[in-house]
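Data first, discussion second: the structure below is written as structure tokens.
Please treat every number below as a calculation from the coordinates, not as lab data. Remember, predicted model here, so these are calculated numbers, not experimental data. Don't worry about glycine lacking a Cβ; one is built from the backbone with ideal geometry, like all the others, and counts go over all protein chains shown.
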Amino acid sequence: VTARDPVDQQCTVNVEEELDHALATTGTATDMTNIVVRKDYAGNIRARALPDQLRQAFANLLTNAVQAMKGRGTLRLSTAITDGEAVIRLSDSGTGISAQHLSKIFDPFFTTKGQGEGSGLGLTVARRIIRKFGGDIRIESIEGSGTTCIVTLPMLPSAPQEESWSASAPQPQPSHSS
């Protein structure tokens, strides 16, 4: 029995749609009743990835953000294009991460959560997935002021638009007689 390498099964995904799917999944697993979600999407950002795994990475980041806010606050999701990369920002208004813990957050099994609240694998898994797709994750946090996860992914060109034909010679139009 042979298994295909999952990298061979990567396809073009709409990053914002996958982020929204992950948000919906996170909302069913955690209480987001008193969390305000603000979205600022660039629109139609595409990358090559395995959709299920990209959603898992986003869900891990979103779950951490929701848990950090302890049931209330603001979650900001934004996408942008910078230097040919998709940049996805997930910012929470939680308690932030202390400087002493910031350097350890990607270590397997490292957690600041109480027993039974987290395995310490969410960020490790998310980072591994994102790196598999040629991207990376950075965390910016100030204790007491919330945390921002910055995910970068190599971007694919958007789907061709009709106006792209304007650069070529005009195409003859069929004539219709009445």
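Worth pointing out:
- For A86, residues with placed amide H under 5 Å, excluding near neighbours: L153, M155
- Positive-end residue, segment 50-110 charge dipole about Cα centroid, Cβ charges, pick of A59, T74, G84: T74
- For A99, the shell of other residues with beta-carbons less than 13 Å away shows a net charge of -1, using +1 for Lys and Arg and -1 for Asp and Glu.
- Ranked by how many other beta carbons lie within 10 Å on average, peptides 51-57, 134-140 from highest: 51-57, 134-140
- The residues packed around L75, meaning those with a beta-carbon under 14 Å from its beta-carbon, carry a net charge of +2 if Lys and Arg are +1 and Asp and Glu are -1.
- Full-stretch length increase - E140, Y41 - with 0.36 nm per residue and alpha-carbon distance subtracted: 33.6 nm
- Per-residue ³J(HN,Hα) for segment 70-83, Karplus 6.51 cos²θ - 1.76 cosθ + 1.60, θ = phi - 60°, Hz, x for Gly and Pro: 6, x, 8, x, 10, 10, 10, 10, 9, 10, 7, 10, 9, 6
- Global geometry of segment 1-85, whether rounded, prolate or oblate, following the gyration tensor of its Cα atoms and the 1.5 cut on a/c: oblate
- For segment 37-108, size of Cβ-based charge dipole, Lys and Arg +1, Asp and Glu -1, in debye: 260
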